[in-house]
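The values are calculated or read from the model by the stated rules, or taken from the named source; none is laboratory data. On a predicted model such as this, the values are computed, not experimentally measured, just so you know. Methodologically, a virtual Cβ is constructed for each residue, glycine included, from the backbone with ideal geometry; neighbour enumeration extends over all protein chains shown.
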Amino acid sequence: MQKPYFVYLIESINHGYLYKGFTEISVFDRLKHHNDGRSKYTNKYKPWKLKFYCAFDDKIMALNFETYLKTASGIAFTNKRFIKK
């Protein structure tokens, strides 16, 4: 079996900021990296909680989905499907 690739959405508990990312390691290990301050970009918004993740067999498909989530259309999709109002 091929190793999975993950696209994930995390939310800053204190700030409500959303971060979309890609990882080749466990999503839970990656979340720990964000909360431990090992990610320079997300360090100032910690702590984080996992909102959503999706596994892919194909790296290019995963990267394309991550890129899509960061577009205006992807942001609208994220807000409609994953954010409670």
### Message
Could you check the stretch 25-54 and list, in sequence order, the residues that are under 12 Å from the mean Cα position of the chain (by Cα) and among the charged types (D, E, K, R)?
### Response
Arg30, Lys49, Lys51
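Given the structure, is Tyr68 in contact with a Gly (Cβ under 6 Å, 6 or more places away or on another chain), modelled with pLDDT of 95 or more and not charged (D, E, K, R)?
yes
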### Task
Taking the options Ile60, Ile25, Ile10, name whichever one is at pLDDT 95 or above, touching a His at 6+ places or on another chain (Cβ under 7 Å) and not hydroxyl-bearing (Ser, Thr, Tyr).
Ile10
#### Entry: All positions within the stretch 6-62 that are of a type in the set (Asp, Glu) and either in contact with a Cys (Cβ under 7 Å, 6 or more places away or on another chain) or more than 18 Å from Ile83 (Cβ to Cβ) (or both)
Glu24, Asp29, Asp36, Asp57, Asp58
### Task
Scan the stretch 15-54 residue by residue and report those that are part of a strand (DSSP E or B) and of a type in the set (Ser, Thr, Tyr).
Tyr19, Thr23, Tyr53
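Taking the condition in contact with a helix residue (DSSP H, G or I) (Cβ under 7 Å, 6 or more places away or on another chain), without any contact (Cβ under 8 Å) to a residue 24 or more places away in the chain and either of a type in the set (Val, Ile, Thr) or surrounded by 13 or more Cβ atoms within 10 Å (Cβ to Cβ) (or both), does Tyr53 pass? Before the answer, list the steps.
On the way: in contact with a helix residue (DSSP H, G or I) (Cβ under 7 Å, 6 or more places away or on another chain): yes; without any contact (Cβ under 8 Å) to a residue 24 or more places away in the chain: no; either of a type in the set (Val, Ile, Thr) or surrounded by 13 or more Cβ atoms within 10 Å (Cβ to Cβ) (or both): yes.
Here the answer is no, as Tyr53 does not meet what is asked.
If you scan the stretch 1-48, which residues turn out to be of a type in the set (Lys, Arg), touching a helix residue (DSSP H, G or I) at 6+ places or on another chain (Cβ under 8 Å) and either more than 19 Å from Gly74 (Cα to Cα) or loosely packed, with under 11 Cβ neighbours inside 10 Å (or both)? Quick ask: steps written out before the conclusion?
At the first step, the residues of the stretch 1-48 found to be of a type in the set (Lys, Arg) are 3, 20, 30, 32, 38, 40, 44, 46.
Still in the running and touching a helix residue (DSSP H, G or I) at 6+ places or on another chain (Cβ under 8 Å): 20, 46.
Across the stretch 1-48, the qualifying residue is only Lys46.
May I ask you to list the residues in the stretch 61-85 that are outside any helix (DSSP H, G or I) and among the hydroxyl-bearing types (Ser, Thr, Tyr)?
Initial filter on the stretch 61-85 (outside any helix (DSSP H, G or I)): 70-71, 83-85.
Matches in the stretch 61-85: Thr71 only.
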